[in-house]
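Inspection log for the structure reproduced underneath, given as structure tokens.
The values are calculated or read from the model by the stated rules, or taken from the named source; none is laboratory data. Everything quoted here is computed from the prediction, not taken from an experiment. Because the Cβ atoms are built from the backbone with ideal geometry, glycine has one as well, and the counts that use them run over all protein chains shown. Accessible surface is based on the protein model in full, side chains and every heavy atom, while ligands, DNA and RNA are left aside. Shrake-Rupley method; radii C 1.70, N 1.55, O 1.52, S 1.80 Å.
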Amino acid sequence: EHAGIVDAIIDGDAARAEAAMKAHLEGSLGRYRALLRSGAR
């Protein structure tokens, strides 16, 4: 995920960087929610 964000920034593609960052944040949120629901802290 991070590589996709960085690549888009390097390429100067703001729309792609924004989309990659949004996907990354949504994925992170889902992973954290799952972790918290599993009781692991």
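Within the range 11-41, the set of residues being of a type in the set (Gly, Ala, Ser) and exposed (fewer than 10 other Cβ atoms within 10 Å of the Cβ) comprises GLY12, ALA15, SER38, GLY39, ALA40. Total residues in the range 1-10 satisfying the condition of being in a helix (DSSP H, G or I) and open to solvent by 90 Å² or more (accessible area, probe 1.4 Å): the figure is 3. Residue count for the range 11-39 under the criterion of being in a helix (DSSP H, G or I) and either among the charged types (D, E, K, R) or in contact (Cβ under 8 Å) with a residue 12 or more places away in the chain (or both): the result is 13.
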